[in-house]
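As structure tokens, the structure follows; a few thoughts come after it.
Computed from the coordinates by the stated procedures, all read-outs in this text should not be read as laboratory data. This one's a predicted model, so the numbers in the text were calculated from it and none came from an experiment. Counting neighbours? That spans all protein chains shown, and the Cβs are built from the backbone with ideal geometry, glycine included.
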Amino acid sequence: MSTSKAELTEQRLLACAKAEFMEKGYAAANLRFIAQRAGMTTGAIYRYFSNKDILFEAVVGPAANHIQSKLEEIAGRQLELLTTKEFITDLTTSETVAHQFVDYIYENFDVFDLLLNHSAGSSMEGFINSLIELDITSTQAYIDKMLQLGLLKNSLPVRVIALLVKQNYKQLLEIVTSKMTRAEANEYINLLVPFLCAGWRTILERTDTPR
């Protein structure tokens with residue numbers, strides 16, 4: 001099916017908006033300059049997007065929504081495995097998930113760069129923090145379930161879980177913050193995942209016999 005003229009115009013507008021946001025950040029980006037890049041009038045932009053914030057969200061939203069849904073899916077699967085007393089403790093599994101996450105980041109690197117480094121002042125400014133909060137909640141639910149099943153010797157304070165999860169994200173997203181090449185990121189993840197897994201295994205010491 002052929003792409004309509006309106007769809008092609010919108011795609012060009014989004015590409016030009018991304019370039020403007022990457023260069024100047026959301027706060028300093030200007031709709032007039034975006035329009036000039038796209039060969040449009042400023043008024044024409046409003047036929048597609050009613051304001052700059054909605055335009056920014058259109059640029060980053062699809063990738064952001066995808067990664068959020070994938071994290072929710074992984075969290076749900078982990079809890080489901082716990083109910084059958086199966087566990088995601090295999091290092092190979094953790095490495096696979098991490099590399100899939102990295103693959104997606106590099107397929108959408110500009111978007112993640114925008115979210116991390118150029119979104120101040122937009123409605124998407126807190127998106128990464130919302131991912132962290134989602135992970136904190138799912139990690140707490142996972143730990144609570146393990147305690148309920150008698151699979152952990154000790155609980156962890158909520159504030160400690162929050163700090164650990166936040167540090168995990170900071171370390172993982174360093175690939176974007178530091179603008180690592182793909183090869184550098186792969187080498188980094190191969191070292192980071194065993195490091196993080198070892199730490200969580202030490203903290204979440206399991207009992208010998210489930211109830």
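Spin-label model, E23 to E133: label points 7 Å out along the Cα-to-beta-carbon direction sit 3.4 nm apart.
Pairwise inverse Cα distances across the stretch 28-164, averaged and inverted, put the Kirkwood hydrodynamic radius at 17.8 Å.
Tell me which lysines have Cα within less than 20 Å of K52's Cα, excluding those fewer than 8 residues away on the same chain? Straight-distance partners of K52: K18, K24. Of all complete DSSP H helices in the chain, those with a Cα span along the helix axis of 30 Å or greater and a mean Kyte-Doolittle hydropathy of -1.0 or more are 52-83, 127-148, 182-203. Eigen-decomposition of the gyration tensor built on the alpha-carbon atoms of the stretch 1-50 gives equivalent ellipsoid semi-axes of 20, 12, 8 angstrom, largest listed first. Listed by chain and number, the lysines whose C-alpha is less than 30 Å from the C-alpha of K145, apart from same-chain residues fewer than 8 away, are K70, K85, K153, K166, K170. Modelled this way, with points 7 Å down the Cα-to-C-beta line, the labels at T3 and E72 are 2.8 nm from one another. Evaluated with a Cβ-only charge set (Lys, Arg +1; Asp, Glu -1), the stretch 1-50 carries a dipole of roughly 100 debye about its Cα centre, given to the nearest 20. For the stretch 60-203, the dipole from Cβ point charges (+1 on Lys and Arg, -1 on Asp and Glu) about the Cα centre works out to 540 debye, to the nearest 20.
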